Each structure stands twice: as C-alpha cells, then as structure tokens.
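Take a look at the structure set out below.
The values are calculated or read from the model by the stated rules, or taken from the named source; none is laboratory data. Treat the numbers as computed from the prediction; the structure is a model and nothing was measured. Every residue, glycine among them, receives a Cβ derived from its backbone with ideal geometry; neighbour counts consider all protein chains shown.
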Amino acid sequence: MSAEGARPTFYYDFNSPYAYLAAERINTMFDPPPVWQPIALWFVLQHHNRTPWSMQPDTKEPGMREIERRASERGLPAIRWPEGWPEETYGLTSLRAAVFAQQSGRAEAFSLAAFRQMFAAGRSLADEDNVLLAAAACELHPRAVLKAVETRGVKDGLRKATDEAIERGVVGVPTVAVNDELFWGDDRLEEADAVARAAAGAG
C-alpha cells in the first residue's frame with residue numbers, strides 16, 4: 001500500500017455534508033491516508049439521473065438532523081447550514097481551487113479548510129471570498145488561486161477527475177475507492193478501511 005497507485009482514493013465535493021464528516025476523520029483511519037480527489041458532484045448526479053436526498057422534501061430534514069447528530073457525537077463543531085444550501089451553495093470555483101491545491105501538494109489542508117467554512121462556519125463556497133479564506137488558511141495566495149481557477153489546466157483537471165470517477169462507478173460522495181471496490185457513504189469508511197488493510201496485508 002506504500003505505492004501511490006495502491007492508495008485508496010477519497011472522492012468528495014464541498015456541497016456534501018456527509019463528505020465533510022468523512023473528511024474530518026478519514027486520514028486518522030487509513031494508513032497510509034487516501035488520495036484526496038475533488039470531483040464535481042452535480043455532473044455525477046446528472047450522469048446517473050439522480051436527485052440527492054438534500055433536494056427531496058421527505059428526506060432533507062431527517063438527513064440534516066442525522067448529520068447534526070453525527071457531528072455532535074464526534075465532537076465536531078455544531079453544524080451551521082449555509083443560507084440557501086444546497087441549491088444556492090453549489091459552484092465549481094471551490095472545486096477548481098481544490099484541484100489547484102492538489103497540484104500544490106495542499107489538497108487536504110485546503111479541502112478541510114473549505115469544508116469547515118461551509119459546515120462549521122456556515123459560509124457558502126459559492127461566495128468567492130469564502131473560497132479565498134480557505135485558501136489563506138493553508139497559505140495559498142489569493143491572487144494565485146483566482147488566477148489558477150480560470151486556467152485550462154485546472155478546469156480540465158476537475159473535468160477529467162469527475163469523468164474518471166463516473167467511469168469507475170462513483171454515484172455519489174463521499175466515496176472511497178479501494179482497488180476495484182467502491183464504498184459510498186460516511187458510514188462505510190470503516191468497511192473501506194478494513195478492506196484496505198486486508199489488501200495491504202495480502203500485498
């Protein structure tokens with residue numbers, strides 16, 4: 001499991017509170033930690049013709065209460081829901097910034113800071129200023145981020161990662177890929193970790 005290609009992959013999107021919950025604990029569970037890979041969830045949902053639970057009246061409120069419960073149980077700050085979530089808080093700028101951070105070796109630091117802006121501080125990442133706050137928290141210069149998110153290389157990087165995730169079979173986030181197996185959901189991290197450890201032992 002020491003080789004880069006053998007590491008699990010953690011797929012996430014900042015608009016997913018379950019992905020936030022997974023992000024807060026995933027590196028402490030896996031040894032070595034997974035590769036953090038941002039993807040554009042909206043395009044995954046479109047591909048599979050899926051409507052997320054957060055956009056369905058009968059599942060949104062129970063889902064929000066469950067997320068609040070898990071955050072409390074894990075000692076995380078109380079969830080603060082950004083105004084307009086989830087429809088008005090989705091955007092590609094934060095995901096492109098995460099791709100830039102990934103290229104700079106700071107994917108985990110930026111992504112945790114961005115998730116915390118969203119769900120601990122209640123600040124929408126559809127607002128560019130909040131993306132830059134997350135960037136500053138991991139010492140990415142705001143001007144460099146603003147320039148990077150408009151480059152073809154970063155845009156193509158996000159598109160390629162999303163297309164590859166879809167081709168791999170990802171249908172939602174958070175998903176952890178361990179070799180050819182996919183584990184979708186914050187509640188499946190333990191199972192994914194067990195499979196990763198078994199694979200490492202077999203190797």
I need a count of the residues in segment 89-146 that are over 21 Å from Val35 (Cα atoms) and of a type in the set (S, T, N, Q).
4
If you take the residues of segment 141-182 that are among the aliphatic types (A, V, I, L, M) and closer than 23 Å to Ala198 by Cβ, which of them is surrounded by the most Cβ atoms within 10 Å (Cβ to Cβ)?
Val176
What about Glu68, is it more than 24 Å from Glu139 (Cβ to Cβ), without any contact (Cβ under 8 Å) to a residue 60 or more places away in the chain and not in a loop (DSSP other than H, G, I, E, B)?
yes
Subset of segment 22-31 (residues that are surrounded by fewer than 23 Cβ atoms within 10 Å (Cβ to Cβ) and of a type outside the set (Val, Ile, Thr))
Glu24, Arg25, Asn27, Met29, Phe30, Asp31
Scope segment 1-16; condition of a type in the set (A, V, I, L, M, F, W, C) and at pLDDT 75 or above; matching residues
Ala6, Phe10, Phe14
So if I check each of Ala137, Ala144, Ala71, Ala107, which one is touching a strand residue (DSSP E or B) at 6+ places or on another chain (Cβ under 6 Å) and not polar (S, T, N, Q)?
Ala107
Just one listed residue, out of Asp156, Asp187, is among the acidic types (Asp, Glu), assigned to a helix (DSSP H, G or I), over 17 Å from the mean Cα position of the chain (by Cα) and farther than 21 Å from Ala6 by Cα, and it is Asp156
Asp186 passes all but one of the listed conditions (1) in contact with a Lys or Arg (Cβ under 8 Å, 6 or more places away or on another chain); (2) acidic (Asp, Glu); (3) more than 18 Å from Tyr20 (Cβ to Cβ); the exception is number (3)
Residue list for segment 48-86, filter: among the small types (Gly, Ala, Ser) and either surrounded by 12 or more Cβ atoms within 10 Å (Cβ to Cβ) or under 18 Å from the mean Cα position of the chain (by Cα) (or both)
Ser54, Gly63, Ala71, Ser72
Helices (runs of 4 or more DSSP H) wholly in segment 85-147 with at least 1 residues that are free of Cβ contacts under 8 Å to residues at least 60 places away in the same chain and under 13 Å from Asp13 (Cβ atoms) - which ones?
93-103
If you scan segment 10-57, which residues turn out to be touching a strand residue (DSSP E or B) at 6+ places or on another chain (Cβ under 6 Å) and either of a type in the set (D, E, K, R) or part of a loop (DSSP other than H, G, I, E, B) (or both)?
Pro34, Ile39
Could you please find all residues in segment 171-181 being within 18 Å of Ala6 (Cα to Cα) and either in contact with a helix residue (DSSP H, G or I) (Cβ under 7 Å, 6 or more places away or on another chain) or modelled with pLDDT under 95 (or both)?
Val176, Ala177, Val178, Asn179, Asp180, Glu181
Please find, within segment 140-153, the residue that is nearest to Ala113 (Cα to Cα) out of those that are within 19 Å of the chain's Cα centre (by Cα) and among the β-branched types (Val, Ile, Thr).
Val145
